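All remarks here apply to the structure that follows.
The values are calculated or read from the model by the stated rules, or taken from the named source; none is laboratory data. Bear in mind that the values here come from a model prediction, so they are computed numbers and not experimental data. Because the Cβ atoms are built from the backbone with ideal geometry, glycine has one as well, and the counts that use them run over all protein chains shown. Protein only, heavy atoms only, side chains kept; ligands, DNA and RNA dropped before computing areas. Shrake-Rupley method; radii C 1.70, N 1.55, O 1.52, S 1.80 Å.
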Amino acid sequence: MQNATLVESLVGLDWGLFINGESVPSSDNQTLKVYSPANNEVIATIAAASGQDVDSAVQNSQAAFSKWSKLTAYQRKAIIEKATGYVRTQADRIGMLMALEQGKPFNQSRSEIIGSCDTLDYYAEEGIRVEGVISPTEANNLRSMIQYSPVGVCALITPWNYPVSLLSWKLGPALASGCTMVVKPTTETPLSPMAFCVALTEGGIPAGVVNVLTGKGSVVGEGLLRHKLVKKVAMTGSSNTGKRIMEVFAPSLNKVSLELGGQCPAIVCEDADLEQAAEVIIYKGIRNMGQSCSSVNRVYVAKAAQAKLVSIMKAKAEKMSIGDGVTDGSVDLGPMVQQSGVETVKEHIADALLKGATLVTGGKEPEGEQYEKGNYFLPTILNNCNSTMIVMEEETFGPVVPVESFENLEEAIAKANDTNYGLVAYAFTKDMATTFRLAEALEAGTVCINNGKVNTNYAPYAGWKDSGYGVELSRKAIFEYLNTKHVKIEF
Ligand code: NAD
């Protein structure tokens, strides 16, 4: 289908909740509007779930659990792989919904749908490798076996920046391990995760295994956390919301995994390949309009390399194309999700400039009629920054990369670690001893040296400090959805 026809077929629809394989209105008929970040016009109406809807979704999920958890891992693998095969055929439609509601250009949105199917397939494979242990024991008539069983109904709570990908990191291990789930996307980007989950069910995941409730975090999210049948919560979002979730869910003593905010440093040593460093920093700092937990939020560069690095970064930032990724899916950057995000970016830049930073490029909205109604902002680089500036301390969550120089490596490491966050750290050097010093000293769940390839299905993603609790991705994540049982038999 041509893009314009596809867009026309997707805009202006009323969306229900998705419970037990059916689209239903909220029990009290409450609705919310979804807005386009490209022009701030309404693109859809969604149902706002009530407490009664939360109960209905959880009860249906519990009923589905009694069957889904009884299938063998091999049966689940076959069903999941068939379902993702179908979802891939829907990638244009779901990707376009993401472009419409999130602002992420269509090509990137579509890739996110395909990548999310790959993640589900990865976990379908891992599901058949959840091996227990048979240990030697202290007596010949004793046997000791460790085995695993799915926890039950899971609440999967997701943010708006990667609405489907971050959901797939939870759906994948939950489905493969035999759990059932209630998904709660954000009110900003509910459509693509909803369409993804509906397509999974159309593709063969049994009704009731994946349910979706749209609505406010305080009502739907907390309703799920307080429901006695919910045995696990997996959430990605801000650190403050993560702490609130921990507090509300604590009395149940059930499983929790949280992927939270970041303030990710990048250290560029004097001997680094500056072209490569600039490429990674600009890609990671600006892509998705800087609305990424793993964005490069602060650059520390050796004094002798500062001028050259900044000039290469400037050239790369100014080359990025910006526009409405719905009408031109190939642009590098779309609008930011919310106008309030643009205001935060402006505040952080103003604070830095007041405290002595130099504006290298950007710092304002792009000019032109096509940008007037949307939440657009130019890729921005700030030089000569220091730790008194908000942009060096808080998560700006916008297309801003601040740069500060350092005199020696130990100073750079100390500055990089001087934060409450510990999600990702980047470093660039050609020296092997420096590589190991950085890899071991940087306090973050992921350290990328000479690259920006943060997330892969096969490696764990775990935030240190205020950046998270528990693990997502990799084989390890599946154990976040399983209860451990030690069976000891005497005969
Ligand atoms: P947010 O914290 O505002 O919301 C996240 C989700 O939590 C939403 O679905 C929201 O409705 C829900 N929620 C809000 N209050 C709740 C409550 N009281 N109980 C239960 N659920 C509640 O986050 P956001 O603004 O959507 O996303 C941006 C944040 O996410 C940034 O801080 C970013 O760094 C972080 N993030 C982290 C990762 C990671 O993997 N570490 C990845 C992407 C984004």
* Asked: Once you put a point 7 Å from the Cα of ALA304 and another 7 Å from the Cα of ASP118, both along the Cβ direction, what distance in nm separates them?
  -> 3.9
* Any chance you could look up the accessible area of ASP466 with a 1.4 Å probe, heavy atoms only, rounded to 10 Å²? => 50
* With the other protein chains left in place, how much accessible area per residue, in square angstrom, belongs to the chain at a 1.4 angstrom probe? -> 40
* With every protein chain in place, what's the accessible area of SER239 (1.4 Å probe, Å², nearest 10)? -> 10
* Determine the gain in length on full extension of the stretch ALA250-LYS228; use 0.36 nm per residue of separation and subtract their C-alpha separation, reporting nm with one decimal. => 6.7 nm
* Asked: ARG110: accessible area at probe 1.4 Å, nearest 10 Å²?
  -> 80
* To do: For the chain, just the Cα set please: Rg and Dmax, both in angstrom.
  => 23.3, 81
* Hey, any idea what the orientation-averaged projected area of the convex hull of the stretch 433-480's Cα atoms comes to, in nm²? -> 3.8
* To do: Using θ = phi - 60° and the Karplus relation 6.51 cos²θ - 1.76 cosθ + 1.60, list the HN-Hα couplings for the stretch 398-404 in order, rounded to whole Hz, with x at every Gly or Pro.
  => x, x, 10, 10, x, 10, 10
* Structure fact -> Under the rule rounded for a/c under 1.5, else prolate if a/b exceeds b/c, else oblate, using alpha carbon gyration tensor axes a ≥ b ≥ c, the stretch 18-141 is classed as oblate
* To do: From the C-alpha gyration tensor of the stretch 264-309, pull out the three semi-axes of the equivalent ellipsoid (sqrt of 5λ each), sorted largest to smallest, in whole Å.
  => 20, 10, 7
* To do: Rank these by accessible area, largest first, 1.4 Å probe: MET246, MET194.
  => MET246, MET194
* For the stretch 336-410, how big is Rg over Rh, using alpha carbon atoms and the Kirkwood form of Rh? -> 1.03
* Asked: Percentage of Cα-Cα pair distances in the stretch 264-460 greater than 28 Å, rounded to whole percent?
  -> 22
* Structure fact -> Per its Cα gyration tensor (rounded if a/c is under 1.5, else prolate when a/b beats b/c, else oblate), the stretch 296-366 is best filed as oblate
* Structure fact -> Rounded to the nearest 500, the 222 nm mean residue ellipticity computed for the chain from DSSP H runs (n ≥ 4, each -39500 (n - 2.57)) alone is -12000 deg cm²/dmol
